[in-house]
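J.: Mind having a look at this structure? Questions to follow.
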Amino acid sequence: MQRRAFLGATAAAALARPAVAQGRARVLRFVPQADLSSLDPVWTTSNVTRNMGYMVHDTLYGSDAQFRPRPQMAAGHVVEEEGRRVTITLRPGLRFHDGEAVLARDCVASISRWMRRHAMGQKLAPAVEELAALDDRRLQFRLKRPFPLLFEALGSPVAPPCFIMPERLARTDPFTQLREVMGSGPYKSLDREFIAGSGAAFERNAAYEPTPAEGTGYTAGPKLAHFDRVEWHIIPDAATAAAALQAGEIDWYEQPPPEIQQLLRRNRALAIEAMDPAPMMALMRFNHLHPPFNDRRIRQALLPAINQEEFMHAAVGTDPSLYVTDAGIFTPGGPMASEAGLEPLRGPRSLDRAKALLREAGYTNQMIRLLGPTDILVPSALTQVALDLFRRLGVNLDAVLTDWGTVVQRRTSREPLERGGWSVSMYAFSSMDFMTPATNPTLRANGAGAWFGWPDIPPLEALRDAWFEAPDLARRQELAREMQVLAMQELPFIPVGAYRSQTAIRRDLADRVRGLAIFWGIRRT
């Protein structure tokens, strides 16, 4: 997809025109949580880009509702030499949207690029002796040692998923952003209808052949596209989006704010339901490269002032059924969640204590730059709470509040503050991202290879390595508790709560895949 500028229609006209030209039954109109500012679902972990990626790309394996890997583009695989040789065979007839055949070498290049950016891929890469295409339909891993989670990694829905792209694109450095979209998935992107800040459109890929494999849920099973056309409309104003949903001009509003949800509940044609059956995670992320948060004591000084309930009220309202406090570094209710090490987040909160700890840690009014979005619901709400918190702490604060697309671009900067860098930022993640150490990108502490903020905490990496080698669930849970204790001391991030994201959708839409904004399976009744 090439970025092109067009003189053109207003958002209202863009909404109305397809209703006449296309017919309502075969068009799904959607308001995403933010603008589609990046087209490269490997370069960024942004949920909105991942959602787009699942429309137009496919994966070798998917993940079912129990997070078990299931074949997608793969016809099957053979594991030999006690797990050190793995050969994957592609299904016949796979083609990219430009008509070119999907070949094993496309998969090799795509996996190689993905391994540089994905939390599990980064663990897999050192175990790979060689990854090569044997012929057009077979690719082979030769491993230095067995990697039992290989198929879970290739099928992981955690951003960035291992999307298969043409070799010519996948050869791009993973830290360089792609500007073109070319996939083999159930929908094609319509280049000429992509307008940054306005919207995008996708058409059903008539040549797409869904996998015959069973195991539906999340990203596994046949990807059945029931709409001829899916339109994304960027409507930053919540009241305008709500009015369009009520009027039938749009079908699905991904993330309405709490006060708008109350309004929409009164409309019998609409349903407000959980986007994800498990709670999503919210966090405060530090830049570990530059002062003041390169000092662990400065990070720790904030803990007495962190009130998870305040952050969650801003994100989803005061209904206690919609949020979880005392949240740690793993998804509440998940297999790795525990209460270990969370004492600093419990008990009475104290700004005075936080101020005293800042002074003791040597904070002398150095600038703190808070980077945050204004146009994406939960991170924006979290940022406002953080803004108020830092002001009450009396720090030298510089707030950079801008659109989500700019945040996604600017957070990649490793420059110091005087050259445009940042100090702290607020984020929200899908529940699946934080289920285990294998999938939690913000728990990586490998310096330059870590997620934005770049913490360098070798003992935390050592515990993560041990987790991968653990012989059973009990040992993995024990190591996860140790990781949480250490993380709450070193603070690659501070968890600020977990919440149940709500989405608004018309009641005549059925079979929505729970967990992400996914556009296969869903149909109009």
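Listed here are the residues, each with its yes/no results for (1) of a type in the set (D, E, K, R); (2) in contact with a strand residue (DSSP E or B) (Cβ under 9 Å, 6 or more places away or on another chain).
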residue: Pro41; (1), (2): no, yes
residue: Thr44; (1), (2): no, no
residue: Gln72; (1), (2): no, yes
residue: His77; (1), (2): no, yes
residue: Ile88; (1), (2): no, yes
residue: Gly93; (1), (2): no, yes
residue: Val102; (1), (2): no, yes
residue: Arg105; (1), (2): yes, yes
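J.: Would you mention how many residues in segment 464-499 are in a loop (DSSP other than H, G, I, E, B) and buried (at least 20 other Cβ atoms within 10 Å of the Cβ)?
T.: Qualifying residue count for the region: 2.
J.: Shifting gears a bit: Among the numbered conditions (1) within 23 Å of Trp43 (Cα to Cα); (2) part of a helix (DSSP H, G or I); (3) not hydrophobic (A, V, I, L, M, F, W, C), tell me where Thr383 comes up short.
T.: Condition not satisfied by Thr383: (1).
J.: Identify, please: which residue in segment 422-463 is in a helix (DSSP H, G or I) and of a type in the set (Gly, Ala, Ser) and is, among those, nearest to Tyr218 (Cα to Cα)?
T.: Top of the filtered list is Ser431.
J.: Look at Val102 and say whether it is at pLDDT 95 or above, buried (at least 23 other Cβ atoms within 10 Å of the Cβ) and of a type in the set (A, V, I, L, M).
T.: In short, yes.
J.: Still on this model: Among the candidates Ala315, Ala305, Ala354, which residue alone is in the same structural domain as Gly394 (by TED's automatic domain parsing) and over 17 Å from Met488 (Cβ atoms)?
T.: Ala315
J.: Starting from segment 299-312, keep only residues that are acidic (Asp, Glu), then list their pairs with residues that are not in a loop (DSSP other than H, G, I, E, B) whose Cβ atoms are within a distance under 7 Å, requiring at least 6 positions of separation or different chains.
T.: The qualifying pairs are Glu310/Val385.
J.: Looking at Ala200, Ala159, which is the one that is among the aliphatic types (A, V, I, L, M) and assigned to a loop (DSSP other than H, G, I, E, B)?
T.: On the way: Ala200 fails: assigned to a loop (DSSP other than H, G, I, E, B).
That would be Ala159, the only listed residue that is among the aliphatic types (A, V, I, L, M) and assigned to a loop (DSSP other than H, G, I, E, B).
J.: Need the failing condition index for Ala225 against (1) over 30 Å from Ala213 (Cα atoms); (2) buried (at least 16 other Cβ atoms within 10 Å of the Cβ); (3) within 25 Å of the chain's Cα centre (by Cα), just the number.
T.: (1)
J.: Need pairs with beta-carbon distance below 6 Å; first residue assigned by TED's automatic domain parsing to the domain that holds Cys107 and within segment 68-81, second in a strand (DSSP E or B) and surrounded by fewer than 20 Cβ atoms within 10 Å (Cβ to Cβ); sequence gap 6+ or separate chains.
T.: If the second residue must be in a strand (DSSP E or B) and surrounded by fewer than 20 Cβ atoms within 10 Å (Cβ to Cβ), the pairs left are Ala75/Thr89; Gly76/Thr89; Val78/Thr87.
J.: Quick check, is Ala242 surrounded by 15 or more Cβ atoms within 10 Å (Cβ to Cβ) and either aliphatic (A, V, I, L, M) or assigned by TED's automatic domain parsing to the domain that holds Glu152 (or both)?
T.: Against the criterion (surrounded by 15 or more Cβ atoms within 10 Å (Cβ to Cβ) and either aliphatic (A, V, I, L, M) or assigned by TED's automatic domain parsing to the domain that holds Glu152 (or both)), Ala242 qualifies.
J.: Another question, if that's okay. Given (1) within 18 Å of Lys188 (Cα to Cα); (2) under 27 Å from the mean Cα position of the chain (by Cα), identify the lone condition not met by Val128.
T.: The failed condition is (1).
J.: Somewhere in segment 125-143, is a residue surrounded by 18 or more Cβ atoms within 10 Å (Cβ to Cβ), assigned to a helix (DSSP H, G or I) and at negative phi?
T.: No, because not a single residue in segment 125-143 is surrounded by 18 or more Cβ atoms within 10 Å (Cβ to Cβ), assigned to a helix (DSSP H, G or I) and at negative phi.
J.: Answer yes if at least one residue in segment 278-296 is at pLDDT 95 or above, in a helix (DSSP H, G or I) and either within 29 Å of Thr439 (Cβ to Cβ) or among the β-branched types (Val, Ile, Thr) (or both), and no otherwise.
T.: Scanning segment 278-296 turns up at least one residue that is at pLDDT 95 or above, in a helix (DSSP H, G or I) and either within 29 Å of Thr439 (Cβ to Cβ) or among the β-branched types (Val, Ile, Thr) (or both).
J.: Another one. Do we have any residue at all in segment 182-199 that's free of Cβ contacts under 8 Å to residues at least 60 places away in the same chain, of a type in the set (Phe, Trp, Tyr) and not assigned by TED's automatic domain parsing to the domain that holds Thr374?
T.: No; the residues of segment 182-199 include none that is free of Cβ contacts under 8 Å to residues at least 60 places away in the same chain, of a type in the set (Phe, Trp, Tyr) and not assigned by TED's automatic domain parsing to the domain that holds Thr374.
J.: Sticking with this structure for a sec: Could you identify the single residue in Phe293, Phe227 that is touching a strand residue (DSSP E or B) at 6+ places or on another chain (Cβ under 6 Å) and closer than 21 Å to Asn51 by Cα? Outline the logic, then answer.
T.: On the way: Phe293 fails: closer than 21 Å to Asn51 by Cα.
Selected residue: Phe227, the only one of Phe293, Phe227 that is touching a strand residue (DSSP E or B) at 6+ places or on another chain (Cβ under 6 Å) and closer than 21 Å to Asn51 by Cα.
J.: Next question, about the same structure. For segment 117-144, enumerate the residues that are modelled with pLDDT of 95 or more and in contact with an Asp or Glu (Cβ under 9 Å, 6 or more places away or on another chain).
T.: Hits for segment 117-144 are Ala133, Gln140, Phe141, Arg142, Leu143, Lys144.
J.: Would you call Ala274 under 22 Å from Gly497 (Cα atoms) and at pLDDT below 95?
T.: Working: under 22 Å from Gly497 (Cα atoms): yes; at pLDDT below 95: yes.
So Ala274 fits the description; yes.
J.: Filter segment 162-180 down to residues that are in contact with a Lys or Arg (Cβ under 7 Å, 6 or more places away or on another chain) and not in a loop (DSSP other than H, G, I, E, B) and give me whichever is farthest from Ala119 (Cα to Cα).
T.: Looking at residues that are in contact with a Lys or Arg (Cβ under 7 Å, 6 or more places away or on another chain) and not in a loop (DSSP other than H, G, I, E, B), I get Glu167.
J.: Further question on the same structure: For Gly405, indicate whether it is of a type outside the set (D, E, K, R), out of contact with any strand residue (DSSP E or B) (no Cβ under 7 Å at 6 or more places or on another chain) and within 30 Å of Ala242 (Cβ to Cβ).
T.: Yes, satisfied.
J.: Being surrounded by fewer than 18 Cβ atoms within 10 Å (Cβ to Cβ) and of a type outside the set (S, T, N, Q) is the filter; apply it to segment 177-194 and report the residue that is farthest from Thr45 (Cα to Cα).
T.: The selected residue is Arg192.
The values are calculated or read from the model by the stated rules, or taken from the named source; none is laboratory data. Treat the numbers as computed from the prediction; the structure is a model and nothing was measured. We place every Cβ from the backbone using ideal geometry, glycine too, and count neighbours over all the protein chains shown.
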